[in-house]
Every structure is written in C-alpha cells, then in structure tokens.
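S.K.: Input: one structure, supplied below.
The values are calculated or read from the model by the stated rules, or taken from the named source; none is laboratory data. What you see is a predicted model; the values in this text were computed from it and never measured. Glycine also receives a Cβ, built like all others from the backbone with ideal geometry; neighbour counts cover every protein chain displayed.
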Amino acid sequence: MKLLPKILITSLVPLLLSFVLILVQIDQLIGTADQSREHDSELKVQLFEARFKELLRDLDERSELMRELRPVGVAIQKRNLAELYDWATIFSNKKRMMVLIADNKAVVLARSREEFLVGDVLLDQSFVLQSFREGSFKGISYVDSVLSFVKTSLIKDQRGAVIGIAVIALPITSEIFDELVADTSIVVTYRDKKGGVVSSHHQVSIKGQVLTTLHKDLLSEQSLPASFELLVPPDPLNQRLQNLQGSMLIITLVGLVLLPLALTLLLQFHLRPYRRLVGVVERFTQGGQSYQELEAACRDSFADNKHEINNVALAIAGMVASTISNVAKLERLNTKLEHLTLTDPLTGISNRRHLEKILDDEFRRSKRYRYDFVVMMIDIDHFKQINDTEGHAAGDQVLVKLAERTKQTIRETDFFGRLGGEEFLVISPFCDKKAGLELAEKIRYNVQISHFLPTSKVTISIGLACYTSKDKPETLLQRSDKALYKAKESGRNRVETA
C-alpha cells in the first residue's frame, strides 16, 4: 500500500473514533447536567429555607428581647405613649418592620409608623386572641391591613400578670422575597386563600415547586392557610448541550464525505517537502551531493515543521498542574494559620486576640440592643509556686484542666479564653451583676473542689466588672483587673467586683 492511502486510513480512523467519543461524552454531559441542575435546585431551595428561617429567627429575637425589657412594661403601666413610640421605633429596624404595643385590653398604645395613631382595639385580630390564649403567636396574618409575618409576645409585670402585648410584623413584599432569593435565580410566590399573592419581581413561565412544609413547620397553625411556590428557571446549558449533540452528529456525517477529499488534497500539498527530501537523499546515494549539501537540504525541508507546539502545550499543562497544587497547599496553610492566630495552643481555647475581637463585638451588640453583660478576669492563685515546686509540666497541666473545668461550668452563650500566663477571661452576655456573681462563684467553687494535682490544691481569684454605657473595652478590662487585684489582696480564692 502506498504512503498516501496509509496516511488517510491512519488519520481518518482516529478522527472518526474521536467524533463518536465526543458524541458519547456530550450525552453523558447532558445526563450530568440534569443531575447537577436537580442538585443545584435543591441547594437553592435550602438557601431560601435558611434565609426564611433566619428572617423568622430575627422576629423571634426582637419579640423576646422586647418582652424581657423592663422599661417597656413600666411605660405600659404608666401609659407613657411617647416612650412606647420610641421603643416601637427602635425595634422596627429603621421602620422596615411594623411594631405595635397594646395594653392587656388590646388597646393600641404605640405604632412604629404612626406616632399618633393609637387608641384602636385589636381584639378582632386572630393573632391577638391567640396570643392572649396561648401566650404568643408566630405566623402570617394581616396587621393594619398589610399581609405580614407576625410574632407576638405578652408583656408581664414583676408578679407575672399580663399588662400588654407586643406585635412585631414584617410586611410580606416583593422586596423581602427578592432578598430571600438573591443570587439564586429562582422566583418565590406566596398565595393564601383570601386571595393574597406576593412574589419576587423576576417572573418566569415555568411550573414551580409548592413548599407547604415551610408554612407548617415554622409558622403557627393559626396562620392564614397558604403556600410558598419556588420556581427554578430551566438550565440553558442543558439545551445548548442537546443542540451541540445534534450538530456534532450532522458534522460527523458530513465529515465522512468531505474529510477524505480535503485530507487528500492537504496531504498532497504537505507531502511535497518530503518528496523533495526523497529526491535529495536519492541524489546523495548516487553521489551527486556532499554531506554538507545533504545537511542544508534536510534543514530547509523541515523549516516549516511545527511539531514543537506539542511540547509547549505539555509544558503549560505542567505549570498549571503545579499552580493548582500550590494553591491547595496555600489554602490549607491559611486555614491552619487562622486557627492558630485565634486559639491558645496549650489549652485549645480562645487567645487574647480572639477575646478582644469578641469583646468589641459584644460592646456593639449591647449598645444596639441595650442588654447587660459582665466580664470576669480569672487568675490562678500562687501559680508561680506551682511551677517552682511541681515543675512547668504540672503548671501546664493545671492550665489545661482549669480551661476544661471552666468550659464545663459556664453557659453555652458565654465566651472563654486565655489572656496569657495564668490569666483567663470570661465574657457573659445577657448577664447582670447578680447573675454574674453567681456564675463567678460557681466557677471558683468548682475549681476549688477539683483535683488538678495529686499533691497541691489549686484555687483561683476572680475580678468581675459589669458593662456600663460609659465603658470602653479597655476600661471594662481595667475595672475587672482592679477587682482581681482586690481579690488577691483580700486573701485570694474569692470573687470581687469593680
């Protein structure tokens, strides 16, 4: 068989197989794209549900905080409408929400959006009736003729008697739904049996998924009968892949006809240098050329050869693979470094840097929501003596066991870390002076009765300071440090306050 037919067969067979493999791979990609779309839709729905739960959780937190605020109850008893309006405005989150405060007869005393619109009675509202009957309401209802997510809580006096009710409502609007479905490309629509329909602004003409479980699981059974519909747009990639599959099939059939003809012409054109090379070699073998002339003729014959592009491609692929490996290593190192910068390596609890960040965050939250918190500075009594008599390994053991014992004692909402050396710090949100003293005494007692070392008794001294509006993070730490110094001067193994 001559050279040209051999080249044609050798070239066309792999090319035909490549087209077949491409068609198979496109079919697999279509299947993978369908699975990926289903998975992506599930993730988008989960993201919507998480945001929806967070929205309701915000309503719960605001309602509970308002119920616990003593000044609100006092203002209701004194019927101080101006102060109640101020509280309603504060909890309305820049008037994004509607806040209503009424007395125990459901007479409205304050509205966040209308300072002077008071005096009407809410007893005809189902959510008010359920609140007085069951203690609270969380669901969907009409508040001031506006369809809203509603959370209520009863406000009681010190004896436990109901003196009023707080209503926090977030109007169900397209803007709210736009926030819930942001970056998901899905559409959410709310429908109730009264004819209320609210949806996000983006609309698509496809069939949606009805999510009644959100309404049942997260909201009150007394809510309006309703459902949420999530509409997931079709994936354009899947349609493009199907179109590509059809196009590739047509290209394959046409290629079986045109490629042999084109390849024959192309090979005849590109084989001319090789024919020249054969002629040069024949002349050399016949003695018509020298070695230098043969070398020059061979160099000229391969001047247009571009096979080195394959080596370049392989080099680039190697560089990319190396870069990917380096990025993965860098990400792992960054994660480990971040953990090390926020954690005390010996005890595994927060270090000073992390504690300072937590304290700054706690200051901002307490100023915003106006709640108390305390800090407790803890120091191990005679720790230097433990290191000198028992050794530094025993001292490290005391630090580790003290950290473990204190973590078991404090509340889940408290923060605990090591300032350095034998000093530790506890930050207790939503905690006044009395509760803080009880917790500090509990920590001190639990350490006293623990057996950290077989031959020595370990005790601690605690300095406690309560947050005030005049405090800064550094001044609060300074006051707790002074209280700790007072505990040390008073005999150690005790709790003192600033």
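S.K.: Taking the range 358-368 only, how many residues are surrounded by fewer than 17 Cβ atoms within 10 Å (Cβ to Cβ) and more than 19 Å from the chain's Cα centre (by Cα)?
M.R.: Result for the range 358-368: 6.
S.K.: Given (1) surrounded by fewer than 17 Cβ atoms within 10 Å (Cβ to Cβ); (2) assigned to a helix (DSSP H, G or I); (3) at pLDDT 90 or above, where does Leu47 come up short, assuming only one miss?
M.R.: (3)
S.K.: I need the full set of residues from the range 448-469 which are farther than 18 Å from Ile427 by Cα and either within 41 Å of the chain's Cα centre (by Cα) or not charged (D, E, K, R) (or both), in order please.
M.R.: Once the filter is applied, which keeps residues that are farther than 18 Å from Ile427 by Cα and either within 41 Å of the chain's Cα centre (by Cα) or not charged (D, E, K, R) (or both), the range 448-469 yields Gln448, Ile449, Ser450, His451, Phe452, Leu453, Pro454, Thr455, Ser456, Val458, Thr459.
S.K.: Tell me, which residue of the range 12-44 that is β-branched (Val, Ile, Thr) and in contact with a helix residue (DSSP H, G or I) (Cβ under 8 Å, 6 or more places away or on another chain) is surrounded by the fewest Cβ atoms within 10 Å (Cβ to Cβ)?
M.R.: So, considering only residues that are β-branched (Val, Ile, Thr) and in contact with a helix residue (DSSP H, G or I) (Cβ under 8 Å, 6 or more places away or on another chain), the one surrounded by the fewest Cβ atoms within 10 Å (Cβ to Cβ) is Val20.
S.K.: Looking only at residues that are outside any loop (DSSP other than H, G, I, E, B) and aromatic (Phe, Trp, Tyr) in the range 101-133, which one is nearest to the chain's Cα centre (by Cα)?
M.R.: This residue is Phe127.
S.K.: Determine which single condition Ala394 fails, assuming it passes every other condition in (1) touching a Phe, Trp or Tyr at 6+ places or on another chain (Cβ under 8 Å); (2) buried (at least 16 other Cβ atoms within 10 Å of the Cβ); (3) within 27 Å of Ser456 (Cβ to Cβ); (4) small (Gly, Ala, Ser).
M.R.: The number of the failed condition is (1).
S.K.: Okay, moving on. Taking into account only those residues within the range 472-498 that are within 38 Å of the chain's Cα centre (by Cα) and without any contact (Cβ under 8 Å) to a residue 12 or more places away in the chain, which is surrounded by the most Cβ atoms within 10 Å (Cβ to Cβ)?
M.R.: Filtering the range 472-498 for residues that are within 38 Å of the chain's Cα centre (by Cα) and without any contact (Cβ under 8 Å) to a residue 12 or more places away in the chain, the one surrounded by the most Cβ atoms within 10 Å (Cβ to Cβ) comes out as Gln478.
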